[in-house]
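Enquirer: Take this structure, written in structure tokens, and hold onto it; I'll ask about it next.
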Amino acid sequence: MEETILTIKESLLSHFRQNRKLLGKADNQRIAGLREEALEYFNEQGFPDIKQEKWRNTDISKVLERSYSFQVEPPQYNTNSEKLFRCEVPGFDTLSVTVLNGWYVNGSTRLNYYENGMIVGSLRAAFEELPELVEKHYGRYADFKVHGLAALNTALAMDGIFIYLPDNVVAEKTLQMVSVINANEDTMIQLRNLIILGKNSKLTLVQCDDSIDDHRSFINTVSEFSLGENAKLDHYKLQNKNDRSALLNTSWFNLDKFANLSTNGISLNGGFIRNETYATLAGSGANADIYGLYLMDRNQHIDNQVFVDHAVPDCTSSEMFKGILDDHASGVFNGHILVRKDAQRTNAYQNNKNILISDKAVVDTKPFLEIYADDVKCSHGATVGQLDQEAMFYLRSRGISYENARMLLMYAFAAEVVNKISIESLRNRIDDLVKKRLRGELSICDQCVLHCNASEQRAMFKIDMSRI
Amino acid sequence: MLTIRNLRVSINNKEILKGVNLEVKAGEVHAIMGPNGTGKSTLASVIAGRDIFEITEGEVTFNGKDLSDLSVDERAAEGIFLGFQYPVEIPGVSITNFMRTAVNEQRKYKGLDPMPASEFLAKMEEKKKMLDIHAKLANRSVNEGFSGGEKKKNEIFQMAMLEPKLAILDETDSGLDIDALKIVANGVNMLRRPDNAFLVITHYQRLLDYIVPDIVHVLYDGRIVRSGGKELALELEEKGYEWIKSEVEK
């Protein structure tokens, strides 16, 4: 049964009113007010549409033509769920936390307090157990006024992942947060994550978005990351979703003095993906590296929006986004670097490169620099092209078949982003996934994207790519 | 080995080769000389299978097979190698993997299993040593950031790895200093065998001091206007291409 956009909006508004008590059970006054304000904003603005500049090439109306169910309570999951989502990468020791249909599902509903001081668990639990910390950071970085969906999330979000690293704590294990959808019906999810890194702390975080069935879903995620002075965050997003799913990932990073962020989004599959990355360089000496790789085909759509705010002097940022689009796939890149008046000696770099394999694939790329300081070094570039015919001839003249020459060039193109992954075992694993994807062998995993059984064969490329 | 009969080739309706005849036998080294823009590189590209050219007449056979039936990579697997005048840079692909892919794909074409990794690496080492190529070259991306000399040495290295029956070297000497030229020529001389052949395309006689050809052809305005022994190259050097022009136009 199809409903119109208006009905979805109305049903969301009534969902909010009906469940008002459940929604903000542990909210303090400010956060409760934030919800009301955000709902009002959503009521006024509605969903983003193609008349808005930043949504011109990403039409979300098709996604909203469906009816979705919403859950106001955690699902009753069976005891095997922990086993089901276990992700193992050889040589990659992770601490894994999972959200199922937007709800934290790792055993205890309470937060886990680790010996080194790290605290990990559900955002709902954090609201109850650590109200002061939540009050200090929640809703402080994300601006719900960027669009109706961010407002909707702010009004309706109930759960997600909470991570806190106190000052001077280094998380030795990589943290992996997995969001999985497994529902009997088409579901709409408002997921909210809050990650706080104290001074001099260090975290490697892998954020996976996976489908494990073929149902439609619409995940609207807002994540806030606070990086204290000299904190270091290595963040990876892995996206492998079915073609019927829609994923909106809005991430806000706030960087204090000398904080260092590296975030790398690898989009392997997904019907509709939009990643919005907002990085505010709020303290001098901060650095943000923002990378992305997208390999899309069929009718898939990918949109990467990046906004880097150089608010203070002496910060650096670099962006590198690369994409390969085949069939009828479409892509958007919108990169905006703002250098404020006082942000002298800013060094900012931005690049987006695309390869279109078919003549039906399209990409819209828009690099944008907005500079108010006078002593800055900024550069940007964007390319859209086909595979290099000279290089194809060169490879084939050595006996490499058309198909393999093509694959080799696509792989080499993608490798520039993959090679930026600093954890070797993770890099190798993603490398494998990229190869499989390019060979058309990557299915929507029936389990998490990083899952690999010991019996699973490494993707053979006839070439030992690890030596590249 | 290679037989070219009355080959006519055009690009964008402009005729470049206007009836070329050539016969290369196993064990021979042929040199093709001629002024710029007379079709030397076109001839090399057409034999290798570049599809931007249109063959309007004539045929090219290689060991009895009509090359027009074979794709670029099939020709390579049959034993044709083209050393490029301007080798292409391929960022992200290492020479090691490039060569391993090429070697194994050629083996697959011949119905052979892939070469074991240890054997392959040993072969790489052997050829590098033979050609005086340093290890770091082989682990870099194909031709990326290479100097002109390094690129040409890399072409000879690839030739040594692939062991073709017919190697066509398209102006491999251009842009080389005398030391690099010697390394390239030395490589070719070491690879000469009774069962393979070379087609060396060059503008200058200089290279032929080091690679001594059996037969020299002069390509002028899309035709081979003169063929002879190695003395022809010396005569050309002495009298210049103007001499050929006036001879032809007589």
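Enquirer: Might you check whether a residue that is within 14 Å of chain A (Cβ to nearest Cβ), of a type in the set (Lys, Arg), touching a Phe, Trp or Tyr at 6+ places or on another chain (Cβ under 8 Å) and under 14 Å from A:GLY399 (Cα atoms) occurs anywhere in region B:75-90?
Expert: Yes, some residue in region B:75-90 is within 14 Å of chain A (Cβ to nearest Cβ), of a type in the set (Lys, Arg), touching a Phe, Trp or Tyr at 6+ places or on another chain (Cβ under 8 Å) and under 14 Å from A:GLY399 (Cα atoms).
Enquirer: Here's something else I'd like to know. When region B:103-139 is examined, which residues are found to be among the basic types (Lys, Arg), within 13 Å of chain A (Cβ to nearest Cβ) and surrounded by 15 or more Cβ atoms within 10 Å (Cβ to Cβ)?
Expert: Once the filter is applied, which keeps residues that are among the basic types (Lys, Arg), within 13 Å of chain A (Cβ to nearest Cβ) and surrounded by 15 or more Cβ atoms within 10 Å (Cβ to Cβ), region B:103-139 yields B:ARG107, B:LYS108.
Enquirer: Additional query: Return the only residue of B:LYS18, B:LYS25 being over 26 Å from B:MET190 (Cβ atoms), touching a residue at least 60 places away in the same chain (Cβ under 8 Å) and basic (Lys, Arg).
Expert: B:LYS18
This table checks each residue for (1) over 25 Å from B:VAL93 (Cα atoms); (2) modelled with pLDDT of 90 or more.
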position	(1), (2)
B:ASP132	no, no
B:ASN143	no, yes
B:LEU181	yes, no
B:LEU191	yes, yes
B:PHE198	yes, yes
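Enquirer: Only one of these is at pLDDT below 85 and either under 30 Å from A:VAL362 (Cβ atoms) or assigned to a helix (DSSP H, G or I) (or both): A:GLU2, A:GLU10. Name it.
Expert: The conditions single out A:GLU2.
Enquirer: Oh, and also: Does A:THR316 satisfy the criteria of being surrounded by fewer than 20 Cβ atoms within 10 Å (Cβ to Cβ) and either under 20 Å from A:SER217 (Cα atoms) or in the same structural domain as A:HIS215 (by TED's automatic domain parsing) (or both)?
Expert: In short, yes.
Enquirer: Return a yes/no flag: does region A:341-362 have any residue that is assigned to a strand (DSSP E or B), surrounded by fewer than 19 Cβ atoms within 10 Å (Cβ to Cβ) and among the acidic types (Asp, Glu).
Expert: So far as region A:341-362 goes, no, none of its residues is assigned to a strand (DSSP E or B), surrounded by fewer than 19 Cβ atoms within 10 Å (Cβ to Cβ) and among the acidic types (Asp, Glu).
Enquirer: Moving to a separate point now. Does region A:298-323 hold any residues that are among the polar types (S, T, N, Q) and within 16 Å of the chain's Cα centre (by Cα), and which are they?
Expert: A:ASN304, A:GLN305 - these are the residues of region A:298-323 that are among the polar types (S, T, N, Q) and within 16 Å of the chain's Cα centre (by Cα).
Enquirer: Here's something else I'd like to know. Pick out the one residue from A:LEU156, A:LEU165, A:LEU123, A:LEU152 that is touching a residue at least 60 places away in the same chain (Cβ under 8 Å) and more than 20 Å from A:GLY24 (Cβ to Cβ).
Expert: A:LEU165
Enquirer: Exactly one condition in (1) away from chain A (no Cβ under 14 Å); (2) buried (at least 16 other Cβ atoms within 10 Å of the Cβ); (3) at negative phi is not met by B:ARG100; state its number.
Expert: (1) is the only condition that B:ARG100 fails.
Enquirer: For region B:91-142, list the helices (runs of 4 or more DSSP H) that sit wholly inside it and hold at least 2 residues that are over 13 Å from B:PHE157 (Cβ atoms), hydrophobic (A, V, I, L, M, F, W, C) and out of contact with any Phe, Trp or Tyr (no Cβ under 8 Å at 6 or more places or on another chain); which are they?
Expert: B:117-131
Enquirer: Something else now. Restricting the search to region A:413-441, which residues are part of a helix (DSSP H, G or I) and among the hydrophobic types (A, V, I, L, M, F, W, C)?
Expert: Within region A:413-441, A:PHE413, A:ALA414, A:ALA415, A:VAL417, A:VAL418, A:LEU426, A:ILE430, A:LEU433, A:VAL434, A:LEU438 qualify.
Enquirer: Let me ask something additional. In the set A:PHE368, A:PHE393, which member is in contact with a Lys or Arg (Cβ under 7 Å, 6 or more places away or on another chain) and either facing another protein chain (nearest Cβ under 9 Å) or part of a strand (DSSP E or B) (or both)?
Expert: Residue meeting the stated conditions: A:PHE393.
Enquirer: Would you mention how many residues in region A:31-54 are part of a loop (DSSP other than H, G, I, E, B) and either at pLDDT 95 or above or within 24 Å of the chain's Cα centre (by Cα) (or both)?
Expert: 6
Enquirer: So which of A:THR263, A:THR250 is modelled with pLDDT of 95 or more, within 19 Å of A:ALA415 (Cβ to Cβ) and crowded, with 23+ Cβ neighbours inside 10 Å?
Expert: Residue meeting the stated conditions: A:THR263.
Enquirer: Would you check if B:VAL93 is crowded, with 20+ Cβ neighbours inside 10 Å, in contact (Cβ under 8 Å) with a residue 12 or more places away in the chain, under 19 Å from A:TYR402 (Cβ atoms) and in contact with a strand residue (DSSP E or B) (Cβ under 9 Å, 6 or more places away or on another chain)?
Expert: Considered against the rule, which asks whether it is crowded, with 20+ Cβ neighbours inside 10 Å, in contact (Cβ under 8 Å) with a residue 12 or more places away in the chain, under 19 Å from A:TYR402 (Cβ atoms) and in contact with a strand residue (DSSP E or B) (Cβ under 9 Å, 6 or more places away or on another chain), B:VAL93 comes out as yes.
The values are calculated or read from the model by the stated rules, or taken from the named source; none is laboratory data. Being a predicted model, the structure only gives us computed values, none of them experimental. Cβ sites come from the backbone with ideal geometry, for glycine too, and all protein chains shown count toward neighbours.
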